[in-house]
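Peer 1: Input: one structure, supplied below.
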There are 2 protein chains.
Amino acid sequence: MAEEFRPDINDVREAHRLIAPYIHRTPVLTSRSLNEIAGASLFFKCENFQRTGSFKMRGATNAVFSLSEAEASRGVVTPSSGNHGAALALAARIRGIAAWVVMPNNAPNVKRQAVEAYGGKVTLCEPTIRSRQETAAAVQAQTGAVLIHPYDNDKIIAGQGTATLELMEEIPDLDVVIAPVSGGGLLSGTSIAAKGLRPQIRVVGGEPKNADDAFQSLRAGHIVPLDHSDTIADGLRASLAPRTFAILSRNVDEVSLVAESEIVAAMQLIWGRMKIVVEPSGAVSAAPALNRRIGADGKRIGIILSGGNVDLGSLPFS
Amino acid sequence: MAEEFRPDINDVREAHRLIAPYIHRTPVLTSRSLNEIAGASLFFKCENFQRTGSFKMRGATNAVFSLSEAEASRGVVTPSSGNHGAALALAARIRGIAAWVVMPNNAPNVKRQAVEAYGGKVTLCEPTIRSRQETAAAVQAQTGAVLIHPYDNDKIIAGQGTATLELMEEIPDLDVVIAPVSGGGLLSGTSIAAKGLRPQIRVVGGEPKNADDAFQSLRAGHIVPLDHSDTIADGLRASLAPRTFAILSRNVDEVSLVAESEIVAAMQLIWGRMKIVVEPSGAVSAAPALNRRIGADGKRIGIILSGGNVDLGSLPFS
């Protein structure tokens, strides 16, 4: 098929040129002891050190800075109770425009404060999908703000791919790259960058067994919505969108499922050995390698550590 | 006085040449939000990323690799229940010699396992200073091993100074440098490197208020032993030795005392904002800057984060 398939590696490169002044170029860390455990060479792309504490800053900045002056002047809006909301608020502040973040009224106070600290205007809604959508639509109608979906958006996807672009500038000869999958924005961008730079690379998604809709969807060949999830990886509770489903269907070689106990064990290894703070979603991308579950013995594996935003007051270690 | 004063900056440089192949050159990190809190520019030298998880690897490696072949062949011994023991074990293993570590029989299992994982031979003693010394002396007598004191040793002190040497290669124009003080090995080495490279720099020690023997000793002009300590900073419960007292008396401009609640608050800021794992002793060196207590508004402050070895199962956050 000769149809145009977007976004592609050039969109990721363009995104990187656009956002580079506003984001951190995060380090790539390695660990002797984790390499021994994995029986492979691991290269951790540390988006926990990204501004706002997660990779979401990349996509949000690309989306905000891709708006025309006229669009931008009306501000942006998104429904998000997590990292995307905080990132969109900061990206908007950097561009000097308004950002409305629609959050459920039962969201933890600390998340609300994070959005407000970056200058976002929080609009509360009921904790239902319907109320989220209606409230976001109402804000749009009142303000004219542009809706920036957390992952069903080409600019977001291209922006998230810049983490892998940077990783593979430093480590070009990776055999495998792993990213966590939820709505699929990060894994889509990761796969586009990785296969664009190195077609023979294997792209693996890490997904909680307790929220395995991407695994089910790719196996079924159509989107299987997530009707229930109960995972510590609170960043990974969304379902694929048509756009991310199409990209993942084409680019992803395997989705590796991770049990809850394996998420905690991977977090503990990363915190304890690497001395860095990563959120459960970050550990989900490391777990398939640490458990030697992806047939990559002796290989060079890139791992996207998605973020480091955790509540230090309620950690899962005992 | 024209007397020779050792170790000096040249000893630190020599130590660095000797140990560089065996240690990590740790990164220097910065944080926008911590700079705002401190009202100054902070440069964190991240010894939590050092091999064995603390700066102790520097001094131990310098001490072990400074031994003659004849001395080395008999092995090394030290009394230590903490980071020095693990570091000495690894340094000895790298050189291919034996290391005996004398630990109290009530030391946590995890610490014993760390020493053994690096190839150290653990010898248990009663949890008293007298039993430690007697047991170490007995091991020496039996084996001929060379005693490597954790801080009352010129090679150890010069080795610990290499962290500041690296820091100031990257950030030469520091106004202040802060390190935690316990037995005084790290602060001695820090002060020798800092004043040797930049005589006008201010050298500050951070010390828990609940273990303030260095503060008391420098004020009194003689060593005031620590008769009691009750601090979360379990790496900072030793007392100065004559050698470190002499160096600190000459080089240190101020010892800044830190309350227990301030140690926890500084840890929480560093973990939460910088996304790195530091032990309480590391937070002790950051707290004086974060609390704006050292008259360094707008200045450039180097902070030695001493290590990252913590028990993830019992963290002080709530």
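Peer 1: All but one of (1) closer than 23 Å to B:LEU34 by Cβ; (2) open to solvent by less than 10 Å² (accessible area, probe 1.4 Å); (3) of a type outside the set (A, V, I, L, M, F, W, C) hold for A:THR52; which doesn't?
Peer 2: Status for A:THR52: all satisfied but (2).
Peer 1: Which of the helices (runs of 4 or more DSSP H) found entirely inside region A:201-318 contain at least 3 residues meeting this: crowded, with 24+ Cβ neighbours inside 10 Å and away from every other protein chain (no Cβ under 14 Å)?
Peer 2: A:280-290
Peer 1: Now for a different question. Mind checking which pairs have a first residue in region A:246-266 that is of a type in the set (S, T, N, Q) and a second that is open to solvent by 20 Å² or more (accessible area, probe 1.4 Å), Cβ under 6 Å, 6 or more apart or different chains?
Peer 2: Short answer, once both residue conditions are applied: A:ASN251/A:LYS195; A:SER256/A:ARG293.
Peer 1: If I ask for residues that are polar (S, T, N, Q) and touching a residue at least 12 places away in the same chain (Cβ under 8 Å), which ones from region A:270-318 would you list?
Peer 2: A:SER281, A:SER285, A:ASN291, A:SER306, A:ASN309
Peer 1: Can you pull out every residue in region A:55-81 that is surrounded by fewer than 24 Cβ atoms within 10 Å (Cβ to Cβ) and closer than 26 Å to A:ILE303 by Cα?
Peer 2: Across region A:55-81, the qualifying residue is only A:SER81.
Peer 1: Turning to a different aspect of this structure: How many residues are hydrophobic (A, V, I, L, M, F, W, C) and away from every other protein chain (no Cβ under 14 Å) if we restrict to region A:30-57?
Peer 2: Of the residues in region A:30-57, 4 are hydrophobic (A, V, I, L, M, F, W, C) and away from every other protein chain (no Cβ under 14 Å).
Peer 1: Okay, moving on. Looking only at region B:6-31, count every residue that is in a loop (DSSP other than H, G, I, E, B), open to solvent by less than 30 Å² (accessible area, probe 1.4 Å) and not small (Gly, Ala, Ser) and tell me the total. Before the answer, list the steps.
Peer 2: Step one: filter region B:6-31 for residues in a loop (DSSP other than H, G, I, E, B), giving B:6-8, B:20-27, B:30-31.
Keeping just the survivors that are open to solvent by less than 30 Å² (accessible area, probe 1.4 Å) gives B:7, B:23, B:26, B:31.
Within this subset, residues satisfying the condition of being not small (Gly, Ala, Ser) are B:7, B:23, B:26.
Matching residues across region B:6-31 total 3.
Peer 1: Against the condition over 13 Å from A:LEU88 (Cα atoms), touching a residue at least 60 places away in the same chain (Cβ under 8 Å) and of a type in the set (Ser, Thr, Tyr), how does A:THR164 come out, does it pass?
Peer 2: Numbers: over 13 Å from A:LEU88 (Cα atoms): yes; touching a residue at least 60 places away in the same chain (Cβ under 8 Å): yes; of a type in the set (Ser, Thr, Tyr): yes.
For A:THR164, the condition - over 13 Å from A:LEU88 (Cα atoms), touching a residue at least 60 places away in the same chain (Cβ under 8 Å) and of a type in the set (Ser, Thr, Tyr) - is met.
Peer 1: So which residues in region B:172-200 are surrounded by 24 or more Cβ atoms within 10 Å (Cβ to Cβ), over 18 Å from B:GLY308 (Cα atoms) and not small (Gly, Ala, Ser), if there are any at all?
Peer 2: B:VAL177, B:THR190, B:ILE192, listed by residue number.
Peer 1: Of the conditions (1) modelled with pLDDT of 95 or more; (2) touching a Ser or Thr at 6+ places or on another chain (Cβ under 6 Å), B:ASN83 satisfies every one except a single condition; which number is it?
Peer 2: It fails just one condition, (1).
Peer 1: State all residues of region B:36-82 that are farther than 14 Å from B:TYR22 by Cβ and in contact with a Pro (Cβ under 9 Å, 6 or more places away or on another chain); if no residue qualifies, say none.
Peer 2: B:PHE44, B:LYS45, B:CYS46, B:PHE49, B:THR78, B:PRO79, B:SER80, B:SER81, B:GLY82
Peer 1: Next up: Among what's in region B:117-144 and is over 21 Å from the mean Cα position of the chain (by Cα), in a helix (DSSP H, G or I) and among the charged types (D, E, K, R), pick the residue that is farthest from B:ARG74 (Cα to Cα).
Peer 2: B:ARG130
Peer 1: Can you confirm whether A:GLU169 is more than 30 Å from A:ALA70 (Cα to Cα), acidic (Asp, Glu) and open to solvent by less than 10 Å² (accessible area, probe 1.4 Å)?
Peer 2: On the way: more than 30 Å from A:ALA70 (Cα to Cα): yes; acidic (Asp, Glu): yes; open to solvent by less than 10 Å² (accessible area, probe 1.4 Å): no.
No; evaluated as a whole, the condition is false for this residue.
The values are calculated or read from the model by the stated rules, or taken from the named source; none is laboratory data. Keep in mind that this is a model prediction, so the values were computed, not measured. Virtual Cβ from ideal backbone geometry, glycine too; neighbours counted across all protein chains shown. In case anyone asks, the SASA skips ligands and DNA or RNA and just uses the protein heavy atoms, side chains included. Shrake-Rupley method; radii C 1.70, N 1.55, O 1.52, S 1.80 Å.
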